[in-house]
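Enquirer: The following block contains the structure, expressed as structure tokens.
The values are calculated or read from the model by the stated rules, or taken from the named source; none is laboratory data. Since the structure is predicted, the reported quantities are computational estimates derived from the model, not experimental observations. Note that each Cβ is placed from the backbone with ideal geometry, even for glycine, and that neighbours are counted across all protein chains shown. These accessible areas exclude ligands, DNA and RNA; they are computed on the full protein's heavy atoms, side chains included. Shrake-Rupley method; radii C 1.70, N 1.55, O 1.52, S 1.80 Å.
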Amino acid sequence: MTSGTPDTDGVETLTLEAFADTILPGAKRRPDDPSVAGRSHDAGSVEAGALELLRTPATGLTSGLPEFVELLNRHAEHYAREHGLAADGELPPFVRLSFDDRTALVRALTAPGHPEKEFWVMLALFCNMAFDSAAHMSTPTAIAEGHPGLTAMGFAAPDADGLLRFKEYSYGRPTARLHPDTTASGSLA
């Protein structure tokens, strides 16, 4: 863990995984998986590397993750009290919530007018980025390792020379003719 405070009890990991799974649900990794609700048959944000991305220093989030987790769990405790849900348990408060309750809480936290909206939306965007673009790893590595998000989107493997090319045009035809001074590498001379 890179965020300064060791995650010795796993609270940060479990809570961030539950948040990421709420944003982009995935299949349970094992039957007793407390963070991943299992709302999908396919891999979601957690398996796609959301925690790895969130803990990447380039995001600028790493030093604030413990505070995000603490705040999210306080919101979950408040939500549980408000809705008469069981407050006891060994799991962190957000992880104890059902998937539907997690979703309702995240919806409230990201709603227009919520004073913390920008923080929760930013965290959610990084969870999506882990799935949609494998932003925490190189694209060739992600493709070679069968990254679940890129695989689900049908991201094409590179050609034998390692370059990514599109063999078919998305509109069924070239969008423009090549400029006569275009080199073999695709650059203008």
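Enquirer: Any idea which of (1) open to solvent by less than 40 Å² (accessible area, probe 1.4 Å); (2) assigned to a helix (DSSP H, G or I); (3) within 27 Å of ASP9 (Cβ to Cβ) is the one HIS136 doesn't satisfy?
Expert: The number of the failed condition is (2).
Enquirer: Here is a further query. Quick one: PHE131 ticks every box in (1) open to solvent by less than 40 Å² (accessible area, probe 1.4 Å); (2) touching a His at 6+ places or on another chain (Cβ under 9 Å); (3) not in a helix (DSSP H, G or I) bar one, so which box is it?
Expert: (3)
Enquirer: Here is a follow-up. Take the conditions farther than 18 Å from PHE131 by Cα, outside any helix (DSSP H, G or I), modelled with pLDDT of 95 or more and not hydrophobic (A, V, I, L, M, F, W, C) and apply them to GLY113. Does it pass?
Expert: On the way: farther than 18 Å from PHE131 by Cα: yes; outside any helix (DSSP H, G or I): yes; modelled with pLDDT of 95 or more: yes; not hydrophobic (A, V, I, L, M, F, W, C): yes.
The answer is yes for GLY113.
Enquirer: Anything in region 6-37 that is surrounded by 15 or more Cβ atoms within 10 Å (Cβ to Cβ), in contact (Cβ under 8 Å) with a residue 12 or more places away in the chain and assigned to a loop (DSSP other than H, G, I, E, B)? List them, or say none.
Expert: Here is the first cut: in region 6-37, the ones surrounded by 15 or more Cβ atoms within 10 Å (Cβ to Cβ) are 7, 11-28, 33-37.
From what is left, the residues that are in contact (Cβ under 8 Å) with a residue 12 or more places away in the chain are 11-27, 34-37.
Passing the criteria: LEU24, PRO25, GLY26, ALA27, PRO34, SER35, VAL36, ALA37.
Enquirer: Same structure again: Please specify each residue of region 52-62 satisfying the condition of being of a type in the set (A, V, I, L, M), in a helix (DSSP H, G or I) and open to solvent by less than 30 Å² (accessible area, probe 1.4 Å).
Expert: Step one: of region 52-62, the residues of a type in the set (A, V, I, L, M) are 53-54, 58, 61.
Okay, now just the ones that are also in a helix (DSSP H, G or I), so 53-54, 58.
Within region 52-62, LEU53, LEU54 qualify.
Enquirer: Right, next: Is there a residue being open to solvent by less than 80 Å² (accessible area, probe 1.4 Å), assigned to a loop (DSSP other than H, G, I, E, B) and among the hydroxyl-bearing types (Ser, Thr, Tyr) anywhere in region 158-174?
Expert: For region 158-174, residues open to solvent by less than 80 Å² (accessible area, probe 1.4 Å), assigned to a loop (DSSP other than H, G, I, E, B) and among the hydroxyl-bearing types (Ser, Thr, Tyr): absent.
Enquirer: Going by what's in this entry, would GLY49 be described as surrounded by 15 or more Cβ atoms within 10 Å (Cβ to Cβ) and either over 28 Å from ASP132 (Cα atoms) or not charged (D, E, K, R) (or both)? Walk me through it before giving the result.
Expert: Details: surrounded by 15 or more Cβ atoms within 10 Å (Cβ to Cβ): yes; either over 28 Å from ASP132 (Cα atoms) or not charged (D, E, K, R) (or both): yes.
When the stated conditions are applied, GLY49 passes them.
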